[in-house]
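Report on the structure given below.
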Amino acid sequence: MSGTVFFSGWRAVKDRIKTLSEDQQPTTGRVYTMFHGTQLKNAETIIRNGFVPSKDGLLGPGIYVSRNIDKAKCYPPNTDKKDKAVFKLKVRVGKVKKIDCDHHPMQKSWHQQGYDSAWIPPHSKISSIKSGREEDCVWDPARITLIDVACCVDDTKRKKLRRLISSQGTGNASDCDLCHQDESGEPHDIQTCWDCGDRICPFQDKHVCR
């Protein structure tokens, strides 16, 4: 038909969902950005070998992280800030248990009850948390991907650690190679364009046939 324009492809309009606020409970099965503070001397070992769960703590054994970077900056306690590093992480929280008071019946037994992570909300009734900031504990280190060094006073050491992260391939290991978004929670449904035959991801900003 004269004047008809044929085309194939799309442009996606993203739903700009706000980042999960500190007081919102992590949703089971989702992936969140969190932070972990450590001694600078241990940073390279963590990057190379992964996290080693604490044997005990407020929430029992596990890796302690927080969505609040200021919380992570306080760890380890009694350590000068020049001797600290704060890692930026992607955390697959799995099944989450909320712990919000002293002597909670599942405070240290949440994993035995089938949970993958425990979450203390900000301004909880747990008396030992004086800062009022939220805290999380993840049982399995495999749920945590180290993606960046968020804080390090020594810029030279920070750059060195970032290069090491890049060399380990952890910075973007779980990103889709088409849309470049995280797919560690669930693989994206890659399809073939019915017109040009290219591989396409439904989360791409756009696809235009060649």
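Among the criteria (1) within 25 Å of LYS130 (Cβ to Cβ); (2) at pLDDT below 95, the one GLY94 does not fulfil is (1).
From the list GLY60, GLY3, the one residue that fits, being modelled with pLDDT under 95, more than 15 Å from GLU134 (Cβ to Cβ) and either not small (Gly, Ala, Ser) or not in a strand (DSSP E or B) (or both), is GLY3.
In segment 71-172, counting only strands (runs of 3 or more DSSP E) that sit wholly within it, the ones holding 1 or more residues that are in contact (Cβ under 8 Å) with a residue 40 or more places away in the chain, touching a helix residue (DSSP H, G or I) at 6+ places or on another chain (Cβ under 6 Å) and over 20 Å from LYS55 (Cβ atoms) span 84-92, 144-151.
Looking only at residues in segment 51-74 that are surrounded by fewer than 18 Cβ atoms within 10 Å (Cβ to Cβ) and more than 18 Å from the chain's Cα centre (by Cα), the one that is nearest to LYS160 (Cα to Cα) is CYS74. Just one of the numbered conditions (1) under 20 Å from ARG143 (Cα atoms); (2) more than 17 Å from the chain's Cα centre (by Cα); (3) surrounded by 13 or more Cβ atoms within 10 Å (Cβ to Cβ) is not true of GLN112: (3).
The values are calculated or read from the model by the stated rules, or taken from the named source; none is laboratory data. Note that the structure is predicted; figures quoted are calculated from it, not measured. Heads up, the Cβs are rebuilt from the backbone with ideal geometry, glycines too, and the neighbour counts pull from every protein chain shown.
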